[in-house]
Each structure stands twice: as C-alpha cells, then as structure tokens.
Amino acid sequence: MTLNVRQKQAEVILRALNFNSAPGKEPSSESYKVLVLDRFTKDIIAPLLRLNDLRKHGVTLHLMLESERQPIPDVPAVYFVQPTAANIERIIADAAGSLYDSMYLNFTVSIPSKLVEQLAAGVVKAGCLSRISKLYDQYLSFIGLEPTLFSLGLPEAYLELNDPQARDHQIEAAVGGIVDGLFSVCVTLGVVPIIRCPRGGAAEHIAAALDAKLRDALKSRTNLFSEGVLGLSASLSRPLLCLFDRNFDLTAVVQHAWTYKPLVHDVLGLKLNRIALQSEAAGPGPAGMMAAGAGKKHYDVDEKDFFWEACGAHVFPKVAEEVETQLQRYRAAVDEINKKTAAGAGQEGAFDPDELLRRNTQNLMQAVSSLPELQEQKKVLDKHTNLATCLLGAIKMRALDQYSNLAEDLLVGKADLQAVVKLLQSGKGAPMDKLRLALVYILAHDGLPSEQELSELEGVMRSGGADATALQYVRTLKRNNLTGSGKSGAEALGHHGGAPMASQNNLLDWADKTFGQPLSQVAKGVKTLLSGARQAPLAASVEALMEGKVGSPEFDSYAVFDPKLPPGRASVERAKGPFREGMVFMIGGGNYYERETLLNWSQRCTPPRQVLYGATELLSGEEFVQQLSELGRRSGGR
C-alpha cells in the first residue's frame, strides 16, 4: 500500500525518537531519553504509539511542555512540538534551567526564521546554547488514524472559515494551518499530487496556496521529495488530490449512520482511535453515552483489531450477529484444546507408553502455543461485545434505526414532510436527533420548502426542545443559493478583500458559490447503484475526477493545479487519469460515514482504487450541528 499515511508517519516519529537516525536494534542504556510534547503533538502520538511502544524506543518519560517539570540531569530530551512563540519561550526556559543534558528539537512544520532568531537570541543570552543539540523540521502536522485516514486536528474549521465576524488574519491563519497540514501529508508520503477542486471557493484558495508551497519545495536546494524525511521513497505514479468545501455536501455530516465504525464515532464519541465509556453501573444517558457514574473504561481500536477492520462497514444488526459467531468459534477452539489435552489419559493397551507420552506432549505444546492468540481474540471480542451492547442501548433509546432509515428515504425521494413530522412528534429521539433529521429534509428537498412547511417544521422542533438556529442558518444558505440574492458569511461584511485568490478578490466569497452543486445533486438523489444503494455526492465526484470522465461537470469545470509545471500551465489534459491512487480532503470537517462511502466506491472499481481520506477534523453529527447553530447566532439569526 503506497499511501499508508499511518505507517509513514510512525516511521518518521520513531526516527525522531532515535535522534533522527535510522532506528536500530534494542536500545542500549545510553539511548534512554525523555519525550516532551505539547497538546497538539500529544494527539499526534496518541493513536500511533502506546506506552509500550515508547518504552521499546528508550522513552522513559513523556511530559507536557506546558507543565512544570523537574530537572532530569544526564538524560537527553527529544522535543516534538509546534513552532510557536510560546513553545520557543518554554524551550529557552528549559535550556536555561538545565532540565536535560541535551535537547533535540523536532517541529511539526518548518520553523519560521523569526522563531529561529528568537530561540537563538534566548539561549545565547542565557548562556545555554550548548544544551541545544539539533533542530529538525519534521512535517508531521496531521494525525494518522488508519492507513488511509487522517485528520489535521483543527477544531471548528468550518466555523472559522464561514464566520461573518472573522478578521483577515484569523481567516489567513486558518487557511495557513490547513495548507501546512496538507503539505505535511504530501512530504511524509513522498508524493507531489496533481490537485483538483471546485472553482471559486475555499478549496480553490487552499489548493492555490498548497500548489505554491509544493512548487517552492521542489525548487529548494534540499528537495523534500527526493532527499527529505522519507529519502528516495517518492511514488512513481502521482496521486490525484481532490479538495472539497464542507458545503459541498452537508447531509453526510448531519444524517444518522447505520454501520459500525460511523455509529461508534457518532454515538460513542470515538476520538484518536479511543472510546471512553462509563462503568456498567451507570445507565445509558440521553445522548447515547453512559450517564455519569463511576470511572471510565477505555477501548482502543485500530487496524490491528481484526474485528474492527472486518466489521467496520457492516450494518449494526450484522455486527451483533458477527460478535456472537466469533464468540462461538472461540468457545469451539477452546473446547478442542481441552479435548486434545485430555485425550490419551484413559487410553491403554494398544498404545506404547512412550508413544502416549509423545502424543500428549505434542497436544499440550499445540495448546500452549495457541492459547495466547485465543486469549487476545477473547479480549477483542469482549471489547466489541461491550461496544455493541452500549450502541444497542442508544439505538433503542433514541430510535436511531428509524432516523437513519428516514434520512436515507429523504435523500432518494421516498419520504416527505409528513413522514418527518410523524417521527419528530412520536416522542422518539433526542432533540439533537430531531434537528439533524430536519436539516436533512431541508437539504434533500428539491428547491426550498415553502414557508408553511418550514414554519411547521420549526414549530415541531421547538416543541420537541430543539434549538432551531441551525435550521434557520441552513435555510438562509439555501435560499441565497437558489435565488442568487443575499450575502452569506463574511461576504456580507465586505471586509475580506485583498487576499490572494486564484479566481476571486473576496476571500470568503465561497458560501454561496459552493453551496449550489451539491444541493442539486442531493435533491435529485444523485445516482442509484444497481444494488439500490445511493451513491453519495462526494463518491460520485471523486469517481468522475479519478476516472477522467470527460463531459462530467466535475472533470470539465474543476480547477487543476500541478506543482511540477509553471504556475497557470496546468490543464484538464494533465489530469485525465485514470488514477490508481487518490487523496480526498474535506475542508470544514469530515466523518467515518463519508469516508466509508469513498471506500465502498474504491473497492468496487476494477482494479480497486486506493483512496486516502482526510479532513480538518473528524466530527460527530452533533459537533457539526453545533457549529451551524453558532454560525446562525453570529449571523444574527438571518
């Protein structure tokens, strides 16, 4: 797998822990060290390396840069932090205080020259320059969650990029963080992609900035893509990087999912490959989580978890069946071992005592060798039994199956307002569940619902205890888009001119322009597969781009950037494909459900395509709706 972002990131981090030389054999006593992290890099490390992994590579302690730390003389420290002024001040204070014998500084992105000067001036003034052994730019400003899944760990990016009260410097900082993250992914993978994106929106602005950054890196004397963090590992075939604004398809982040990984993420709060559940003594709470009680139980899930990988895309009833099937297999395997070890105990006559001993010994050795694997399987199955049980409680309490089914029916035109109101008034579901369904209704409606329909919907929402601010905000966005009137987001304030854009002057003039295409796609149900399943708008667009479908709106109209060509020289001909590898990035947040729709498409292809999915952050439906509500409030409830 060429685009294994998790493995590549782990390799770079392990080399950093080995003082930026190739990881050797078992660490000697001289290689023991302290690891110092900030909040962001702690999130990068958490899903990649467990405590045992760190210990294997000589890390005796991992400490937070922001906390007060005691001196540990005669021990080197590996710092892995963001290049910020506050972090540089802490590093200078650590050096001045002789906290560690030597300090190896690793930054998530290239440290600006201004901060290098700040660091140099600080350590020289304190007379501790000798404490700083090495300084490295690592280009690791992203979180590798699975081989083909990553997040930039940038919370509330959708809110920041659409905030009507945002200032130029705030928007540029948000855009800069996204560009740095995407650049880090490209450097870590050792690839220079061809970039496609819709025109006239945040995606095009970010694509242009990323294109320029990649081009500058290719011109640099130290070419990161041939001599950088991965050595000569650049892929011979270039992937296609597709950038999308979150407004491209809002339904994917508000609708209720019905498959295992998306359910665990949306209902149980999966974060950084870890789920935290309250003790069994506490009952399920109104939002599907366990109510506050005793301590929490933590569960880790990643590609090493055979059940998580095999059943992640299964619908929930099938997951429950598979848990029971796997448990039965486990019990059968244990019974077989017990029979083998007990066999021969009562055998006499025909068997020579030595032969009997040999057979019994052989059976015992087979049992002993298979027990650890069986015990590990049992731990995994117990974990997923607990997760499935907790999910089942939330599903029953909130009628999530009904909300998921109705949302799908709305998206393919099989349901109407009457069906929505009936479920909303049934008393089933939490207020947030009701709000999410109402949002799907507005987004899936062909055109804008009538004022009478909208008033009825808002009335039902309020009587059910839901805040209708998000509903009003999405209604306004859709009305502006369909009528071509009104201003949205920062465009209404008119103070974002002057930012360098590929095709526009107004930095945030994207909400209206990018909202149209997906709404029309969603309203018409996109295209239906032979199986009867709906193909999501994102998967349909990625298919058109990666397969080079001439005549499709995406292929013909999307902007093209190629960092290996002079600026402005890239054309559609350059991106004809078909591409075997693709990178899809959602600006403003994504989720496991949307990623699953891409995987379903890529696995149906012949030969299968490899698609890497990333987003500014991975959001639950509730977290995203909260951002919509906040935007509604900041827009004055327009």
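Read-outs: derived from the displayed coordinates by stated rules, not from any lab. Note that this is a predicted model, so its numbers are computed, not measured. No Cβ is skipped: glycine too gets one built from the backbone with ideal geometry, and neighbour counts run over all protein chains shown.
A few comments on the model shown:
- For the range 11-119, the convex hull spanned by the alpha carbon atoms encloses 101 Å³ per residue.
- In order along the range 387-403, phi translates into HN-Hα couplings of 5, 5, 5, 5, 4, 4, x, 5, 4, 5, 5, 10, 6, 5, 5, 5, 5 Hz, rounded to whole numbers, per the Karplus curve 6.51 cos²θ - 1.76 cosθ + 1.60 with θ = phi - 60° and x for Gly and Pro.
- Judged by the ratio a/c of the largest to the smallest principal axis of the C-alpha gyration tensor, the range 567-638 counts as oblate, that ratio being 1.5 or greater while a/b is no larger than b/c.
- Note on the range 534-604: Cα convex hull, mean projected area over all directions, 5.6 nm².
- Computed label-point distance, nm, for sites Y330 and V124 using a 7 Å Cα→Cβ extension: 6.3 nm
- Taking 0.36 nm per residue of sequence separation and removing the Cα-Cα distance, the S21/R238 pair yields an extension gain of 75.3 nm.
- Packing-based order for 253-265, 440-452, using average beta carbon neighbours within 10 Å, highest first: 253-265, 440-452
- Calculated FRET efficiency for the pair K379/K318, C-beta based, R₀ 22 Å, to 0.05: 0.50
- Within the straight-line cut-off of under 17 Å between alpha carbons, the lysines reachable from K42 are K33, K271, sequence neighbours fewer than 8 places apart in one chain being disregarded.
- Where the alpha-carbon atoms of the range 83-153 are placed on the principal axes, they occupy 46, 25, 17 Å, in descending order.
- Cα shape, the range 413-463, gyration tensor, a/c 1.5 rule: prolate
- Computed extension length for K576-K422: 50.6 nm, one decimal, from 0.36 nm per residue of separation with the Cα-Cα distance subtracted.
- Mean Cβ count within 10 Å, highest first, over the residues of peptides 84-93, 418-427, 535-544: 535-544, 84-93, 418-427
- Largest first and in whole Å, the equivalent-ellipsoid semi-axes of the range 72-228 read 32, 19, 15, each the square root of five times a Cα gyration tensor eigenvalue.
- Computed packing ranks the peptides 100-108, 165-173, 304-312 as 100-108, 304-312, 165-173, most packed first, by mean other Cβ atoms within 10 Å.
- Residues whose amide H lies under 5 Å from that of Y613, counting only those 5 or more places away or on a different chain, are L149, F150, V584; hydrogens are built 1.01 Å from N in the peptide plane.
- Cα centroid separation - the range 545-565 against the range 60-85, whole Å: 46 Å
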